[in-house]
Each structure stands twice: as C-alpha cells, then as structure tokens.
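Notes for the one structure printed next.
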Amino acid sequence: MKLTVDRVEENIVVCQTQEGEIIDIEITRFITLPKDGDIVEETEEGMYKVLVEETKKEKEEISERFLNLFKK
C-alpha cells in the first residue's frame, strides 16, 4: 500500500492512505528519512522506502495544477 507523508514529528512519520486514513509510523521503520509529500511504500521486510520517481511525478502534477489556477 502506498502512503503519502503528511509530516514528520520527532520520532513519528504521519502518513495518509489514498482513502484519507491517517497512519502513524515510527521513524525507525524508514530506510531513509522521508520528507513532507513523499510517497512511501512498505517493503517485504516491514521497512518503508521512499518512492523517488512517484514522489517527483506527484509533486510535478500538483505544481502544474497550482499554476493552472492562475492562468484562468
């Protein structure tokens, strides 16, 4: 299941599912430190990894939608 990082609070990463559910995950379960807006996924080992390409694509799409708001 893919999650979006909402925020990082001390030792907890607050994530949101595609359905809008909020999940708190201990930061020690992340392979690399995530940032707000990163798309992450759990590995078979129970750790979480940042999906770099999907995060980049999502941020580009959001940026494009935001810019389109001002073009009207």
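Some notes on this structure:
- Rg(Cα)/(2.2 N^0.38 Å) for the chain, N = residue count: 1.20
- Residues whose amide H comes within less than 5 Å of that of residue 48, counting only those at least five positions distant or on another chain, are 30, 31, 43 (H built at 1.01 Å from N in the peptide plane).
- To the nearest ten degrees, helix 52-71 and the longest principal axis of the Cα atoms of the chain are 30 degrees apart.
- Near the amide H of residue 38, within less than 5 Å, lie the amide hydrogens of 5, all on another chain or at least 5 residues away, with H placed in the peptide plane.
- Close lysine pairs were tallied over the chain: pairs 8 or more places apart or on different chains with Cα atoms under 13 Å apart number 4.
- Mean residue ellipticity (222 nm) of the chain, computed from DSSP H runs ≥ 4 via -39,500 (n - 2.57), nearest 500: -9500 deg cm²/dmol
Read-outs throughout are calculated quantities, based only on the coordinates presented, and are distinct from any laboratory measurement. Because the structure is a prediction, the values reported are computed rather than measured.
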